[in-house]
Amino acid sequence: MNRNIIEIQNLSKYYGKTRGIDGINLTIEEGEIFGFIGPNGAGKSTTIRILLNLIFPSAGTARIMGKDVISESKEIKKQIGYVPSDASLYDRMTVLQFLQYCSRFYSNADENRINELSSYFELDLSRNMAQLSMGNKKKVSIIQSLIHNPRLLILDEPTTGLDPLMQAKFFDLLRLENKKGLTIFFSSHILSEIQSLCKRVSIIKDGKIVKVEDIDSLRQKQLKKVQITFSDDSNDHILNIQGIGPIAVLPGNGISFMFSGEINELIKFLSTRKIEKLVIEEPSLEEIFMHYYK
């Protein structure tokens, strides 16, 4: 049985009267690629900053590898990597100088990884940091997070600035490192990233976690996307069936909606109506996400 590498209990953060996060509970198993998704302002970065001991919680606890994120932060940071959404780097150094400087913070840093990963990302180590584009700075940040072979990698909107080709290479690298045992906590507001990379996902809304589930289960367990075209004007009566989400009216006497009720009840009702066309399919992760946010 896998042990939990991250354990969050009743974690809250308020900035005066302003909510950051409110009563979050979350566990992440060692070896997972775990998705943490929500729009900007939902509480993703606040949660990560608490895990990194950059800010203090208002209430609750968080542990990484069994260690308290406040009192044992120094020990935790020896074994984790972090890629922020915006990389702030030392402009007066070359890329190589910066990465060698970063490696000195870790007793187990492998400087061979600098050459290996810079070659993988097609990054010129001789370039001055001030001359780098946003995408190349992000590459430096990614390399820096991996040079000490961490047990846990925390990613906060990590693809910002990367072109599609480099995003694909980055995801391939993450999958490879995960197979070697790296646990990845991937925070993003981009649904396609979470869907393509993660096996389990947490949806955060207004500082609260509203769902934690396997992505496949989230897509298949309950919600169905239904589109109906009626042969008459009776489509308003569909509101009598429990489990129907907000209805969108389509051209040609049609409707569409998300359905979370008993599918046999829906079919039974529809059998009494004149149906021209019926489509029932699995929703995309984006459609599920928007359902929870509505």
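Each value in this text was obtained by applying a stated rule to the coordinates, not by laboratory testing. Bear in mind that the values here come from a model prediction, so they are computed numbers and not experimental data. No Cβ is skipped: glycine too gets one built from the backbone with ideal geometry, and neighbour counts run over all protein chains shown.
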Subject >> Cβ crowding within 10 Å averaged over residues, with 50-56, 80-86 ranked highest first >> reply: 80-86, 50-56
Subject >> DSSP bridge pairs, the chain: antiparallel proportion in percent, nearest 5 >> reply: 70 percent
**OP:** Determine by what factor the alpha-carbon radius of gyration of the stretch 119-199 differs from 2.2 N^0.38 Å, reporting the quotient.
**Re:** 1.09
**OP:** Output the pairs from Lys137/Lys179; Lys169/Lys199; Lys78/Lys179; Lys139/Lys211 with a Cα-Cα distance over 28 Å in this structure; if there are none, say none.
**Re:** Lys139/Lys211
**OP:** Lys and Arg at +1, Asp and Glu at -1: add these up for the other residues within a Cβ distance under 9 Å of Lys13 and post the number.
**Re:** +1
**OP:** Give the residue from Ser58, Ile21, Asn240 lying farthest towards the positive end of the charge dipole for the chain; charges sit on Cβ (+1 for Lys and Arg, -1 for Asp and Glu) and the dipole is referred to the Cα centre.
**Re:** Ser58
Original post:
How big is the antiparallel share of DSSP beta bridges in the stretch 116-260, given as a percent to the nearest 5?
Top reply: 75 percent
Subject >> Helix-only mean residue ellipticity at 222 nm for the chain, each DSSP H run of n ≥ 4 adding -39500 (n - 2.57), per residue, nearest 500 >> reply: -8500 deg cm²/dmol
**OP:** Note the per residue figure in Å³ for the convex hull of the C-alpha positions in the chain.
**Re:** 165 Å³
**OP:** Report, to the nearest 10°, how far helix 134-146 tilts away from the longest principal axis of the Cα atoms in the chain, using its own Cα long axis and a range of 0 to 90°.
**Re:** 70 degrees
Original post:
Normalized C-alpha radius of gyration of the stretch 4-93, against 2.2 N^0.38 Å?
Top reply: 1.13
